[in-house]
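Trainee: Quick one: the structure is below, questions incoming.
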Amino acid sequence: MDSDSELSELLNYNVDSIKKTINTDEVVVDFWFNKEGILQGGGDIIVSLLRKDYEYPILLKMSMDDIYKTLRNEIKTTNVYLPLFENIWKPIVETAQLKDGERIYICLDDILQQIPIESIC
């Protein structure tokens, strides 16, 4: 078996395992830094969104450069007090169609581990 098919098999196994353990009102939000360029380009944050009823996770690509600029207040947003929400969390809320009362499991990577989660959400 080649490494690509082994990786695909492992990813499918992990997705299926996670889907078995979550309820319909729960979502897994997994951030990982694409530092090795596993996905085209590299240097970005990949956000994987998974719900029980998703066949496959939805992937969002976020610019690491934009996240750093947001942290340094170099990117203007429409909400002066919530730039991290607007640049990180808002695309996730809209894509996963998150609703009040849903349980969210978050796994952070890289610089996002250093930011208090309440600053992002």
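Trainee: Read through the list (1) out of contact with any strand residue (DSSP E or B) (no Cβ under 9 Å at 6 or more places or on another chain); (2) surrounded by 14 or more Cβ atoms within 10 Å (Cβ to Cβ); (3) modelled with pLDDT of 80 or more, then give the number of the only condition that residue 55 fails.
Mentor: (2)
Trainee: Within segment 19-37, is even one residue charged (D, E, K, R), part of a strand (DSSP E or B) and modelled with pLDDT of 85 or more? Give the steps one after another, and end with the answer.
Mentor: Initially, segment 19-37 is screened for residues charged (D, E, K, R), giving 19-20, 25-26, 30, 35-36.
Okay, now just the ones that are also part of a strand (DSSP E or B), so 26, 30.
From what is left, the residues that are modelled with pLDDT of 85 or more are 26, 30.
Looking for residues that are charged (D, E, K, R), part of a strand (DSSP E or B) and modelled with pLDDT of 85 or more, one finds at least one in segment 19-37, hence yes.
Trainee: A further question follows. Pairs needed: first member in segment 57-82, within 29 Å of residue 22 (Cβ to Cβ); second member anywhere, modelled with pLDDT under 75; C-beta distance under 6 Å; at least 6 residues apart or different chains.
Mentor: Between residues of segment 57-82 that are within 29 Å of residue 22 (Cβ to Cβ) and residues that are modelled with pLDDT under 75, the close pairs are 64/43.
Trainee: Kindly establish whether residue 41 is at pLDDT below 80, open to solvent by less than 70 Å² (accessible area, probe 1.4 Å), out of contact with any Asp or Glu (no Cβ under 8 Å at 6 or more places or on another chain) and assigned to a loop (DSSP other than H, G, I, E, B).
Mentor: Numbers: at pLDDT below 80: yes; open to solvent by less than 70 Å² (accessible area, probe 1.4 Å): no; out of contact with any Asp or Glu (no Cβ under 8 Å at 6 or more places or on another chain): yes; assigned to a loop (DSSP other than H, G, I, E, B): yes.
No, not satisfied.
The values are calculated or read from the model by the stated rules, or taken from the named source; none is laboratory data. A quick note: this is a predicted structure, and the numbers were derived from the prediction, not measured. Here the Cβ is made from the backbone with ideal geometry for all residues, glycine too, and neighbour counts use every protein chain on show. Ligands, DNA and RNA are stripped out before the accessible areas are found, and what is left, the full protein with its side chains, is counted by its heavy atoms. Shrake-Rupley method; radii C 1.70, N 1.55, O 1.52, S 1.80 Å.
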